[in-house]
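Note sheet for the following structure.
Rule-based calculations on the coordinates, nothing more; no lab input. Computed from a prediction, not measured in an experiment: that's the story for all the values here. As a convention, Cβ positions derive from the backbone with ideal geometry for all residues, glycine included, and neighbour counts pool all protein chains shown.
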Amino acid sequence: MLRIPCPFCGERDHAEFSYGGDARVQRPALDDRSEERWYRYVFLRDNPRGPHREFWQHVGGCRAWLVVERDTGNHEILDVRFAADAMKEAQCE
Ligand SMILES: [Zn+2]
């Protein structure tokens with residue numbers, strides 16, 4: 001059973017959360033005219049086995065958006081952060 005430790009509410013069943021997609025995808029600049037980059041951004045996703053960063057929203061709790069690093073092979077949760085904090089950290093890297 002997949003349980004996600006929300007940083008605000010504590011550990012909860014995944015049924016309280018809504019999956020929001022791949023957290024590694026980077027949107028092209030709004031003035032980027034490359035059809036290939038926009039096509040990849042909108043339609044193409046990896047399907048990795050192993051650690052994967054994903055957006056989840058705690059819709060049945062605090063409603064916060066989270067970035068969850070989850071091993072897709074065994075559903076082990078490796079890291080959970082508020083999405084706003086994760087995005088700030090990603091900009092600083
Ligand atoms: Zn929560």
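Observations, loosely collected:
- Kirkwood-type radius of the chain, with distances r between different C-alpha atoms, in Å: 14.3
- Measuring nothing but how far apart in sequence close Cα pairs (under 8 Å, 6+ apart) lie, relative to its length, the chain scores a relative contact order of 26 percent.
- Packing-based ranking, highest mean first, of 33-42, 69-78, 51-60 given that Cβ atoms within 10 Å are counted: 51-60, 69-78, 33-42
- Dipole check for the chain: with +1 at the C-beta of Lys and Arg, -1 at the C-beta of Asp and Glu, and the Cα centre as origin, the magnitude is about 160 Debye.
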